1. Pick from segment 285-305 the residues that are in a loop (DSSP other than H, G, I, E, B) and acidic (Asp, Glu): which of them is surrounded by the most Cβ atoms within 10 Å (Cβ to Cβ)?
2. Within the bounds of segment 254-273, is there any residue that is on the phi > 0 side of the Ramachandran plot, in contact with a Phe, Trp or Tyr (Cβ under 9 Å, 6 or more places away or on another chain) and surrounded by fewer than 24 Cβ atoms within 10 Å (Cβ to Cβ)?
3. Taking Thr310 as the residue in question, decide whether it is at pLDDT 95 or above, under 11 Å from the mean Cα position of the chain (by Cα) and not in a helix (DSSP H, G or I).
4. Out of Gly204, Gly235, Gly222, Gly208, I need the residue that is in contact (Cβ under 8 Å) with a residue 12 or more places away in the chain, surrounded by fewer than 22 Cβ atoms within 10 Å (Cβ to Cβ) and in contact with a Pro (Cβ under 6 Å, 6 or more places away or on another chain). Which one?
5. Just to confirm my filter: which helices (runs of 4 or more DSSP H) fall fully inside segment 313-382 and include at least 3 residues that are among the hydrophobic types (A, V, I, L, M, F, W, C) and touching an Asp or Glu at 6+ places or on another chain (Cβ under 9 Å)?
6. Can you spot a residue in segment 127-137 that is surrounded by fewer than 20 Cβ atoms within 10 Å (Cβ to Cβ), more than 24 Å from Ala225 (Cβ to Cβ) and either of a type in the set (A, V, I, L, M, F, W, C) or touching a residue at least 40 places away in the same chain (Cβ under 8 Å) (or both)?
Amino acid sequence: MTTTVITHIATLVTNDPALGDGSPLGLVRDAALVLDGDRVVWAGPAAQAPAADEAVDAGGRTVLPGFVDSHSHLVFAGDRTAEFNARMSGRPYQAGGIRTTVAATRAATDAELSANVARYMREALRQGTTTFETKSGYGLTVEDEARALRIAAEHTDEVTYLGAHIVSPDYADDPAAYVDLVTGAMLDACAPYARWVDVFCEEGAFDGDQARAILKAGQAKGLQARVHANQLSYGPGVRLAVELDAASADHCTHLTDADVDALASGNTVATLLPGAEFSTRAVWPDARRLLDAGVTVALSTDCNPGSSFTSSMPFCVALAVRDMGMTPDEAVWSATAGGAAALRRTDVGRLSPGARADLTVLDAPSHVHLAYRPGVPLVAEVRRGGVRVV
């Protein structure tokens, strides 16, 4: 394979304290990075960089790991502009709006759904995201959930079964029967395409007992758990996630002290989704409270057509700094290494030897510009597996 040295890096974010300044970001100033095929083989001061077959001049820019977006809903059809417009005019967000997308998704062809996934992943890639998770959840029949996951698996390895997004409209009068379907025939059809099982544990969706049954059934099929938890109200979702050793509890907007203590004492990552709060005018999650308690925090877009129609991780970083009490360093770590932790991945979210050569180059001298210059298209280049894709 051809080795490549990227030189003249003003700031290199490695997310390895041992390589840089001792901070969680492992910052190296006036740095270089050596790639061998799809892997990082060296990172450090440019003056100490080993020789390589090819040299690339970063031009005094910043290099950081590609963003890891650990929560999105990209297999959908239809448009909810009218709902968003009404919400911005005063109507509160409720989980039931998902039904609109369910109807449109069921009516769409496989080709239309696949084209949508590809479109939004390309959109995210241009903004520096190199690892994507995405879910089913807009089919809510055995056939539609299975095809959603089959389509998702054509685009990413991080695929999540979310048959338990809401109770299917077809089972509105018999939620228990729908839980039986989600844990039975639907799970059997979907498990071969998925790595994860998820549930929306929330008033208007699934209660704690139902969520526990759904997650445990998925785990019995070899799927790992993640939970939509405590988004709209206080509830059992976060503590259930920790109890079942879920990789992440996502949203974490309404937390008691017991919820925070549970997260701090377990292995479950708190994944915060500021795009949802921005798009619903809801209260912001208190990232500062979680970080000060020692909780591992991730940031993600929650890209979906109803409550957070953004694919931009830089936008979410800026929101987290401005409105959730995070420092720029914490937000960048959470959007890269934090997302990797939420997917229980050790090969992404860092730029140290052995990691995948997934990186983003910012047309800025520092990663702080992601929050300092919100809304500005700073991504100058993206490499995925060492290959320049943007």
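1. Going residue by residue through segment 285-305, those that are in a loop (DSSP other than H, G, I, E, B) are 285-286, 293-296, 300-302, 305.
Among the residues that remain, those that are also acidic (Asp, Glu) are: 286, 302.
Details: Asp286: 17, Asp302: 27.
Filtering segment 285-305 for residues that are in a loop (DSSP other than H, G, I, E, B) and acidic (Asp, Glu), the one surrounded by the most Cβ atoms within 10 Å (Cβ to Cβ) comes out as Asp302.
2. Applying the first criterion (on the phi > 0 side of the Ramachandran plot) to segment 254-273 yields none.
Scanning segment 254-273, I find no residue that is on the phi > 0 side of the Ramachandran plot, in contact with a Phe, Trp or Tyr (Cβ under 9 Å, 6 or more places away or on another chain) and surrounded by fewer than 24 Cβ atoms within 10 Å (Cβ to Cβ), so the answer is no.
3. On the way: at pLDDT 95 or above: yes; under 11 Å from the mean Cα position of the chain (by Cα): no; not in a helix (DSSP H, G or I): yes.
Criteria not met by Thr310.
4. Working: Gly204 fails: in contact with a Pro (Cβ under 6 Å, 6 or more places away or on another chain); Gly235 fails: in contact with a Pro (Cβ under 6 Å, 6 or more places away or on another chain); Gly222 fails: in contact with a Pro (Cβ under 6 Å, 6 or more places away or on another chain).
Step by step, each of Gly204, Gly235, Gly222, Gly208 is checked, and only Gly208 is in contact (Cβ under 8 Å) with a residue 12 or more places away in the chain, surrounded by fewer than 22 Cβ atoms within 10 Å (Cβ to Cβ) and in contact with a Pro (Cβ under 6 Å, 6 or more places away or on another chain).
5. Details: elements: 313-323, 328-333, 339-342, 369-372.
Of the helices (runs of 4 or more DSSP H) lying wholly inside segment 313-382, those with at least 3 residues that are among the hydrophobic types (A, V, I, L, M, F, W, C) and touching an Asp or Glu at 6+ places or on another chain (Cβ under 9 Å) span 313-323.
6. Of the residues in segment 127-137, the ones surrounded by fewer than 20 Cβ atoms within 10 Å (Cβ to Cβ) are none.
No, segment 127-137 contains no residue that is surrounded by fewer than 20 Cβ atoms within 10 Å (Cβ to Cβ), more than 24 Å from Ala225 (Cβ to Cβ) and either of a type in the set (A, V, I, L, M, F, W, C) or touching a residue at least 40 places away in the same chain (Cβ under 8 Å) (or both).
The values are calculated or read from the model by the stated rules, or taken from the named source; none is laboratory data. A quick note: this is a predicted structure, and the numbers were derived from the prediction, not measured. Cβ sites come from the backbone with ideal geometry, for glycine too, and all protein chains shown count toward neighbours.
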